[in-house]
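The values are calculated or read from the model by the stated rules, or taken from the named source; none is laboratory data. Quick caveat: nothing in here was measured; it's all calculated off a predicted structure. As a convention, Cβ positions derive from the backbone with ideal geometry for all residues, glycine included, and neighbour counts pool all protein chains shown. Surface accessibility is based on the protein's heavy atoms, side chains included, excluding ligands, DNA and RNA. Shrake-Rupley method; radii C 1.70, N 1.55, O 1.52, S 1.80 Å.
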Amino acid sequence: MKKRTYTNSQCPMPNAQFPMPNAQCPMPNAQLLNHTMMFIDPHIHMCSRTTYDYLVMREYGIVAVIEPAFWLGQPRTNAGTFKDYFSSLVGWERFRASQFGIQHYCTIGLNPKEANNEALAAEVIELLPLYACKEGVVAIGEIGYDDMTEAEDKYFCQQLALAKELDMLVLIHTPHRNKKAGAIQSMERCIEYGLDPSQVIIDHNNEETVEEVLGRGFWAAFTIYPQTKMGNARMVEVVRKYGCNRIIVDSSADWGISDPLAVPKTAQLMLDRGIPEEHVRAVCYENALAAYSQTGQMKASDWLNPQSIDQRQMFNGNSVLRGQEPGIKSVSDFVLIE
Amino acid sequence: MSKVNKLLHHWLSKSISEKAFAWLEQKQTQIYSGAAEKVFFTAFSAVPRYLGKEDLQLTFQDLEAAEDVIPGWYPGNWSVDQAGRTLLLLALPRDDAEAYVRVSFGEAAPTLDQVFSTADMGELVALYQSLPLLPHPELHRHRAAEGIRSNMSNVFQAIALRNPYPANYLDNAAWNQMVLKAVFVGSPLHLIWGLDQRANPELARMLANYAHERWAAKRSVTPELWRPVGRFADSTIITDLEKVLANGDTAEQQAAALACAESPLPQAQALLSCYPDLQSSIQQGNLTWNDFNRK
C-alpha cells in the first residue's frame with residue numbers, strides 16, 4: 001500500500017488538553033512510543049464514538065475495550081430503550097469493534113443517575129438477568145452513586161445482590177460531587193453484600209480517593225478526561241507516588257469532549273517522565289486484564305489469537321465498511337476518499 | 001425423555017466435562033420444575049461459560065440418528081454451547097398448550113419471545129437452529145420469518161441452511177423470500193433442506209427476475225439459481241435458459257441444461273436437444289445438481 005501524507009486538519013483529536021505525541025499525528029504505535037505496547041481501555045463509551053476512532057485507537061495499540069453501560073446524556077423514558085441499548089452493547093458495537101481488530105467487552109447495569117426514575121429503574125432491574133451472563137459481559141456496572149439519593153442506594157444494592165448471586169465482578173462509578181463520601185459508601189456497600197474487594201473496580205478516582213481505595217484492597221481506576229476527572233500529567237504523579245499495584249488507567253471517552261486515545265497518550269507521558277516501562281504496562285494493560293479476566297469472559301488470547309473467535313461472530317450481511325476492505329493497515333491508507 | 005433430548009445428552013456427555021454436564025443437568029431440572037424466569041434467562045446466557053464453545057464431535061452414526069428422529073436435522077456443524085442451549089429450551093414447561101403459547105409467542109409473559117428479542121448473536125443462532133426440535137413448531141412461523149430478515153449472515157444461515165423448519169412450516173411468501181435472500185447473500189442453495197420439494201412458479205419467476213437484474217448490472221448469477229426454476233419455467237424463462245446455454249460459462253451451461261431437462265415443456269426439450277453432449281450426460285446420470293454442491 002502506498003503511504004499518504006495529510007494535513008493537520010485531518011488529524012484525529014487535535015486536543016490541546018493532551019500532548020500530541022508527534023507533529024505527524026496518527027503514526028503507527030511503534031513510532032508513537034518507540035515501544036511496541038498493547039493497551040486496554042477498560043472504560044470507554046464507544047457507542048458515542050465513530051468508526052474512525054476505532055481505526056485510530058487500533059493504530060495506537062489499543063487491542064481491547066470495555067464499554068460500561070451508562071447514561072446517554074438524554075434521559076431514557078422507558079425500559080425498551082434500555083433493552084435496545086444493552087442489545088447494542090453485546091451486539092452491533094462488538095461487531096463494529098471487531099472489524100478494526102479491537103476486542104469489545106461490556107458491563108451491564110442501571111446507572112446511578114437514572115436510578116432516580118424509580119418506575120423506570122424497577123423495570124430495568126428486571127431486564128438485567130437477560131444480559132448479565134451473556135458472552136463478553138465482564139461485570140455489573142457502572143453502578144454506584146450520583147446524588148447519593150435513597151433511590152440510587154436502593155438500586156445500587158439490588159445490583160450488588162445480583163452480582164453476588166451470579167458471582168460477577170462489579171464496576172463502580174464514583175460521583176462527581178461528594179466523591180470521597182460516595183467512594184467510601186460504595187465500598188462499604190460492596191463489603192456488606194459479600195463481595196470481595198478483588199472483585200470490585202472503583203473508577204473515576206483522584207488524589208483524594210486513591211489511598212482509601214487501595215488501602216481497602218479494591219482496584220483503583222482513573223479516568224483521563226478533560227476538566228471533570230483526572231488529567232494525564234496528574235496521573236503520572238499518582239503512579240510515581242503509589243506504584244502500579246491495582247491501579248488502572250482508562251479514558252471514559254463518551255459523547256463529551258474526551259479522548260479515545262487517552263490511555264496510550266498517558267502511557268507516552270509516563271514513559272517521557274521516567275515511569276518504568278513495566279509500571280506503564282501494568283497500569284495501561286496488565287491490571288485491567290488481571291481484574292476483568294476474573295470472569296473468564298476476557299482473556300489475552302481473544303486478541304493475540306483472534307481467528308479462533310470470529311467464525312460464528314460475524315455480521316457479514318451488514319458491515320460498517322460500506323464496500324471498503326476490512327483490516328486496514330493504517331490511518332493514512334484510509335483517510336483519503338477516492 | 002424425548003429422543004431429541006436423549007441424543008443431545010449423549011453427544012454432550014461425550015464432549016464436555018462431568019462438571020459442566022452436572023451444571024447443565026441441574027439447570028434443566030430447575031427449569032423443568034418451573035424455576036423463576038431469571039434462572040432460565042441467566043442459565044441460557046451462561047451456557048458457554050460452563051460448557052465452552054467447541055464443536056460437537058459427531059460420528060456418521062450420530063448424524064444418521066438425528067436424521068431418523070427429525071428428517072433434515074443436521075447437527076454436524078453444532079457446537080456444545082448450542083446443544084446445551086437447546087436442551088434448556090426443551091426443558092421449558094410445555095404440557096399446558098395455552099401456557100406454551102404464552103411462553104413461545106404470547107403477550108402476557110412471553111419468556112421465549114423475551115429471549116429472542118434480547119439475544120446476542122450466539123444465542124440467536126442456537127435459537128433458530130433449534131426451531132425444528134421445539135414442541136408446537138407451528139407457533140414459531142412468524143419468528144422464523146423474522147429470522148430470515150436478519151442482517152447477520154450467521155443468524156440467517158442458522159435458519160435457512162441445514163434446517164428443516166422452513167420447508168416444513170413456512171408459507172410460500174416467506175419461503176420464497178428465504179430462497180431469494182440465500183441467493184442474494186451468496187449462501188449455497190444445496191444446503192437449503194427441501195429446496196426441490198418447495199420449488200414453485202412464483203419462486204421461479206422471482207429468481208429469473210433476479211438473474212435479469214444481475215445481467216443488467218453486468219454481474220454473474222450463481223448456476224444454482226436455476227435449480228428451483230426448471231420445473232416451473234414458462235416460455236420467457238426458456239428464453240433465459242437459451243441465453244445461458246449460448247453464452248454462459250461451463251457451470252452455467254450445465255445448470256441451464258439441467259433446468260431444461262426438468263421442464264415438462266416441449267420447447268425446453270427441443271432446446272436441450274441442441275446440446276447433445278449435455279443432454280446425454282444428464283440422461284446417463286453423469287450430470288446432476290449434486291455437481292454444484294460447493295465443497
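Key figures for this structure:
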item: Interface residues, the range A:51-89 - accessible area loss of 10 Å² or more versus chain alone, probe 1.4 Å; result: A:K83, A:S87
item: Gain in span if fully extended, B:S13 to B:D113, counting 0.36 nm per residue against the direct Cα distance; result: 33.1 nm
item: About the Cα centre, charge dipole magnitude for chain B (Lys/Arg +1, Asp/Glu -1 at Cβ), debye; result: 480 debye
item: A:D147 accessible area, 1.4 Å probe, all protein chains in place, Å² to nearest 10; result: 90 Å²
item: J(HN,Hα) series, the range B:41-46, from Karplus relation 6.51 cos²θ - 1.76 cosθ + 1.60, nearest Hz, glycine and proline x; result: 4, 5, 5, 4, 5, 7
item: Portion, in percent, of the accessible area of the protein assembly as shown that falls on carbon or sulfur, probe 1.4 Å; result: 50 percent
item: Under Karplus coefficients 6.51, -1.76 and 1.60, residue-wise ³J(HN,Hα) of the range A:151-164 in Hz, glycine/proline x; result: 5, 4, 5, 4, 6, 4, 4, 4, 6, 5, 5, 5, 4, 5
item: Buried solvent-accessible surface, both chains (B, A), 1.4 Å probe, Å² to nearest 100; result: 2200 Å²
item: Chain-alone versus full-assembly comparison, the range A:129-146, residues with accessible loss of at least 50 Å² (1.4 Å probe); result: A:P129, A:L130, A:C133, A:K134, A:E135
item: Positive-pole candidate from A:A121, A:A183, A:V170, dipole of the range A:111-202, charges at beta carbon; result: A:A183
item: A:K241 - accessible surface, heavy atoms, 1.4 Å probe, Å² rounded to 10; result: 140 Å²
item: Taking all pairs of distinct alpha-carbon atoms in the range A:180-229, Kirkwood radius in angstrom; result: 11.1 Å
item: Other protein chain Cβ atoms within 10 Å, averaged over every residue that makes up A:207-215; result: 0
item: Averaged over B:33-46, number of beta-carbon atoms from partner chains that fall within 10 Å; result: 4
item: Extended-chain gain in nm, criterion 0.36 nm per residue less alpha-carbon gap, B:K38 and B:K53; result: 3.1 nm
item: Sites A:T36 and A:R273, calculated FRET efficiency, Cβ-Cβ separation with R0 22 Å, nearest 0.05; result: 0.65
item: Percent RCO, i.e. relative contact order, over chain B, from Cα pairs under 8 Å lying at least 6 residues apart; result: 11 percent
item: Top of B:A208, B:A35, B:A167 by mean-square fluctuation, Gaussian network on chain B, Cα under 10 Å; result: B:A35
item: Rounded to the nearest 20 debye, dipole of the range B:185-295 from Cβ charges on Lys, Arg, Asp, Glu; result: 300 debye
item: Given charges at Cβ of Lys, Arg, Asp, Glu: the protein assembly as shown dipole, positive-most of A:L110, A:L195, B:A251; result: B:A251
item: Choice from B:D113, B:D277, B:D240 showing the highest fluctuation, given a GNM over chain B with Cα pairs closer than 10 Å; result: B:D277
item: B:D68-B:D196 pseudo-label distance in nm [points 7 Å out on the Cα-to-Cβ vector]; result: 2.4 nm
item: Kirkwood hydrodynamic radius of the protein assembly as shown, Cα pairs, Å; result: 27.3 Å
item: Spin-label model distance (nm) - B:N77 vs B:A246, 7 Å beyond Cα toward Cβ; result: 3.8 nm
item: Rounded accessible area per residue of the protein assembly as shown, 1.4 Å, Å²; result: 42 Å²
item: Computed Rg/Rh of the range B:139-198, alpha carbon atoms with Kirkwood Rh; result: 0.90
item: Two-site label geometry, A:A233 and A:K299: point separation in nm, points 7 Å out along Cα→Cβ; result: 4.3 nm
item: Calculated FRET value between A:K154 and B:F60, using beta carbons and R₀ = 41 Å, to 0.05; result: 0.10
item: The protein assembly as shown - share of DSSP beta bridges that are antiparallel (%, nearest 5); result: 5 percent
item: Long-range amide H partners of A:E142 with built H, under 5 Å; result: A:A69
item: Distance between the range A:165-207 and the range A:220-251 - C-alpha centres, whole angstrom; result: 17 Å
item: In order through the range B:111-117: 3J(HN,Hα) via Karplus (6.51 cos²θ - 1.76 cosθ + 1.60), integer Hz, x for Gly, Pro; result: 4, 5, 4, 4, 5, 4, 6
item: Accessible heavy-atom area order of B:S153, B:S280, highest first, probe of 1.4 Å; result: B:S280, B:S153
